[in-house]
Amino acid sequence: MAVKGVPMKAIVTLGLVVLATGLAGCAPAPLTKADVDGRVICNADQMDQVERAARRERKELHWVNCPQVTLRAV
């Protein structure tokens, strides 16, 4: 027994719009200089250099800990 009502495409579209609006409302605030200064992160540039060297020498590489760098705001 089919019931006439709102088409499924309209329901899915409305759901996606509500979901996108909800996720946009939960966006994090942009970082300030005070937030970034002194923060310790993985040094992706150094990891990339080491991985390229390992590929050139056909060596297997497994990271246990990433090389770290401290960010300084200018």
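Among the residues of the stretch 44-74, those identified as modelled with pLDDT of 85 or more, surrounded by 11 or more Cβ atoms within 10 Å (Cβ to Cβ) and assigned to a loop (DSSP other than H, G, I, E, B) are LEU61, CYS66, PRO67.
When ILE41, ILE11 are checked against the criterion of being among the β-branched types (Val, Ile, Thr), in a helix (DSSP H, G or I) and surrounded by 10 or more Cβ atoms within 10 Å (Cβ to Cβ), a single residue qualifies: ILE11.
Conditions tested, residue by residue: (1) in contact with a Leu (Cβ under 6 Å, 6 or more places away or on another chain); (2) closer than 30 Å to VAL74 by Cβ; (3) of a type outside the set (Gly, Ala, Ser).
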site	(1), (2), (3)
ALA10	no, no, no
ARG39	yes, yes, yes
VAL50	no, yes, yes
ARG55	no, no, yes
TRP63	no, yes, yes
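Taking the condition in a helix (DSSP H, G or I) and of a type in the set (A, V, I, L, M, F, W, C), does VAL18 pass? Considered against the rule, which asks whether it is in a helix (DSSP H, G or I) and of a type in the set (A, V, I, L, M, F, W, C), VAL18 comes out as yes. Could you tell me whether ASP35 is at pLDDT 90 or above and surrounded by 10 or more Cβ atoms within 10 Å (Cβ to Cβ)? No, not satisfied.
The values are calculated or read from the model by the stated rules, or taken from the named source; none is laboratory data. Since we're looking at a predicted model, the values are computed, not measured. FYI the Cβ positions are ideal-geometry reconstructions off the backbone, even for glycines, and counts take in every protein chain you see.
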